[in-house]
Amino acid sequence: MNLITCKNISFVYDGVPAVKDLDFSVEPNDYLCIVGENGAGKSTLVKGLLRLKKPASGTIHMGNGLLAKEIGYLPQQTAVQKDFPASVYEVVLSGCLNRLGLKPFYTKREKELANENLQKMGITKLKNRCYRELSGGQQQRVLLARALCATKKVILLDEPAAGLDPVVTQNLYELIRQINEDMGITIIMVSHDIHAAVQYAKHILHLCHSQLFFGTTEDYRNSEVGSRFIGGVSHA
Ligand SMILES: Nc1ncnc2c1ncn2[C@@H]1O[C@H](COP(=O)(O)OP(=O)(O)OP(=O)(O)O)[C@@H](O)[C@H]1O
């Protein structure tokens with residue numbers, strides 16, 4: 001059964017269509033890259049998948065018992081977020097917020113989970129450092145550990161490599177690949193980096209206010225839209 005099935009969804013802002021007629025699905029353990037030029041509708045779709053914005057028409061169905069609040073989310077990093085005055089441990093632990101419910105404090109298990117995910121992301125040594133003093137690449141590892149506390153099923157990333165140098169970017173993509181392959185977590189990633197998208201993703205969704213392509217990465221490479229986009233731009 002698909003984890004997420006979107007049927008004919010469209011989004012509008014104040015009556016103006018932003019993106020329309022999207023028809024795609026996400027399988028368990030999938031790696032889907034959402035690509036497209038600026039203003040194509042990628043972030044709007046992300047808001048829809050997180051249930052932060054309602055489709056004007058169409059349906060988003062979550063299967064396999066997935067709830068929108070169980071999606072671990074890595075937002076696009078803003079200057080304010082980069083300057084967040086908390087320790088690495090506090091940021092990672094905050095990924096368990098959804099599990100708190102009415103409890104006022106984190107449980108021992110939640111604290112263990114934070115420590116396990118710090119270790120998995122190779123940042124245990126940074127545990128007591130202030131988040132805002134870290135490099136961009138270290139901050140992304142912290143946010144991945146946080147997302148892993150929030151989910152066992154799906155991580156949604158909005159341009160995770162923005163502003164990172166090529167070596168750090170490559171390391172980050174490898175880490176995301178491991179999360180997908182070794183931990184079996186489904187990845188949905190918005191990316192401007194088409195070359196990395198076709199290197200790592202299993203499926204590609206290409207948007208331009210509507211759906212230009214959805215299918216396997218191999219079919220995308222062989223498609224007219226794919227070969228034009230891959231050949232024409234390195235950072236669309
Ligand atoms: N809050 C908003 N109010 C009105 N229009 C919006 C709003 N957010 C986005 N839009 C419009 O919706 C369309 C899609 O925008 P969106 O931000 O989803 O694109 P994007 O593909 O994520 O772009 P980028 O790559 O630049 O982040 C654009 O035409 C944009 O101007």
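Read-outs throughout are calculated quantities, based only on the coordinates presented, and are distinct from any laboratory measurement. The structure displayed is predicted, hence computed values, not measured ones. All Cβ positions, even for glycine, are placed from backbone atoms using ideal geometry, and neighbour counts span all protein chains on display.
If R₀ is 45 angstrom, what is the calculated FRET efficiency for the pair residue 209 and residue 129, using the beta carbon separation as r and rounding to 0.05? Please list the in-between numbers first.
On the way: r = 42 Å, r/R0 = 0.94.
FRET efficiency, residue 209 to residue 129: 0.60.
Put a dot 7 Å past each Cα toward the Cβ at residue 7 and residue 227; how far apart are the dots in nm?
The modelled label-to-label distance comes out at 3.5 nm.
Quick one: of 69/202; 7/202; 7/153; 108/202, which pairs are farther than 30 Å apart, Cα to Cα? List each step's numbers first, then the result.
Values: 69/202 24 Å; 7/202 20 Å; 7/153 21 Å; 108/202 37 Å.
In this structure, 108/202 lie more than 30 Å apart at Cα.
Note down the relative contact order for region 79-152 as a percent, whole number, built from C-alpha pairs under 8 angstrom at least six residues apart.
On the way: 84 pairs, mean separation 37.3, N = 74.
Rounded, it is 50 percent for region 79-152.
Using Cα atoms only, what is the angle between the long axis of helix 108-120 and the major principal axis of the chain, expressed in degrees (0 to 90) to the nearest 10?
Orientation of helix 108-120: about 60 degrees from the principal axis.
For the residue pair residue 59 and residue 183, what label-to-label distance in nm results when each label sits 7 Å from Cα along the Cα-to-beta-carbon direction?
Those two pseudo-labels are separated by 3.2 nm.
Show me 34-41, 218-225, 10-17 ranked by packing, highest mean number of other Cβ atoms within 10 Å first.
Working: 34-41: 19.6, 218-225: 14.2, 10-17: 11.9.
Top of the packing list down: 34-41, 218-225, 10-17.
Averaging sequence separations of C-alpha pairs under 8 Å and six or more residues apart, then dividing by the length of the chain, give the relative contact order as a whole percent.
28
Taking loop as defined by DSSP and a crowding limit of 11 other beta carbons within 10 Å, which trypsin sites (Lys or Arg not before Pro) in region 144-200 fit? Let's see the in-between values first.
Numbers: sites: 146, 152, 153, 177; in loops: 152, 153.
Sites meeting the loop and neighbour criteria: 152.
How many percent of DSSP beta bridges within the chain run antiparallel, rounded to 5?
On the way: 18 of 35 bridges.
So the antiparallel bridges in the chain amount to around 50 percent.
Which log10 I(q)/I(0) values does the chain give at q = 0.14, 0.15 Å⁻¹ under the Debye formula, counting every alpha carbon as one identical point scatterer?
Cα-only, vacuum Debye calculation for the chain: -0.92, -1.05.
What is the extension gain from residue 108 to residue 29, computed as 0.36 nm multiplied by their sequence separation minus the C-alpha to C-alpha distance, in nm to one decimal?
Values: separation 79, 0.36 × 79 = 28.44 nm, distance 2.88 nm.
Net length gain for the segment: 25.6 nm.
Report, to the nearest 10°, how far helix 136-150 tilts away from the longest principal axis of the Cα atoms in the chain, using its own Cα long axis and a range of 0 to 90°.
Tilt relative to the chain: about 90 degrees.
Can you give the convex hull volume of the alpha carbon atoms of region 79-152 per residue, in Å³?
Considering the Cα atoms of region 79-152, their hull volume per residue is 91 Å³.
Given the Cα-Cα distance of residue 116 and residue 14 and 0.36 nm per residue of separation, how much length would full extension add, in nm?
On the way: separation 102, 0.36 × 102 = 36.72 nm, distance 4.41 nm.
Gain on extension, residue 116 to residue 14, equals 32.3 nm.
Once both labels are modelled 7 Å past Cα along the beta-carbon direction, what's the residue 70-residue 170 spacing in nm?
Here the modelled spin labels are 3.7 nm apart.
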